[in-house]
Amino acid sequence: MSRYVFLDRDGTLVHDRGYTHRLSDYRLLDGVAEGLSLLQSAGYRLAIVTNQSGIGRGLYTSDDFQDFQALLTRDLAARGVSIGAQYFCPHRPDEGCECRKPQPGLIRRACAELGASPGESWMVGDSETDMQLADRAGLRGGVLVLTGHGVRARGRLRAEVPAAEDLTAAARYILSAEES
Ligand SMILES: [Mg+2]
Ligand SMILES: [Zn+2]
């Protein structure tokens, strides 16, 4: 069984432009490469788990999404970070699917396919739904990053949910939780 850190994408790894998909809008957030390197060095594998309802809404295609993912994974690879897997929900909210976060479908699939151990894995994201997903999927925990929508989400979450300034701080939190 492997330990994973599941990562939201928009607002967590890259700037969230709202239905982000244009390659020209690609911008890695500060602290991301450093934070992911720390996690990777500590033995965590990394997987992206992202809602992409823009596909279901017809705003962009799954090929557009894959092109953006390729740019992100290439950029991270150049910085020594390897993204092991990616899972996305292409559906609109009204479709009632099992995979749109906070439904646990994507993480359940990831755990089955990757051999990830939920109880030793974490979720990092900038939204309330990412933290709800951590609970529903039975993960060790969720860490909110205060990038993207994170500051707004903070006010709606229980005070016990850990919050970190950026992905580097989130990684440090996870590594310190491991020691305790
Ligand atoms: Mg997000
Ligand atoms: Zn879905």
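The values are calculated or read from the model by the stated rules, or taken from the named source; none is laboratory data. All values reported here derive from a predicted model rather than from experimental measurement. Heads up, the Cβs are rebuilt from the backbone with ideal geometry, glycines too, and the neighbour counts pull from every protein chain shown. With ligands, DNA and RNA removed, areas are computed over all heavy atoms of the protein, side chains included. Shrake-Rupley method; radii C 1.70, N 1.55, O 1.52, S 1.80 Å.
Tell me yes or no: at least one residue of the range 49-68 is charged (D, E, K, R), surrounded by fewer than 14 Cβ atoms within 10 Å (Cβ to Cβ) and under 14 Å from R9 (Cβ atoms). No, the conditions are met nowhere in the range 49-68. Scanning the range 129-180 for residues being open to solvent by 20 Å² or more (accessible area, probe 1.4 Å), part of a helix (DSSP H, G or I) and more than 22 Å from D30 (Cα to Cα) gives a total of 6. Could you list, in sequence order, all residues of the range 109-126 that are closer than 18 Å to L36 by Cβ and open to solvent by 20 Å² or more (accessible area, probe 1.4 Å)? L114, E120, listed by residue number.
Take the conditions within 16 Å of ligand 2 (Cβ to nearest atom), open to solvent by less than 40 Å² (accessible area, probe 1.4 Å) and modelled with pLDDT of 95 or more and apply them to R9. Does it pass? Considered against the rule, which asks whether it is within 16 Å of ligand 2 (Cβ to nearest atom), open to solvent by less than 40 Å² (accessible area, probe 1.4 Å) and modelled with pLDDT of 95 or more, R9 comes out as yes.
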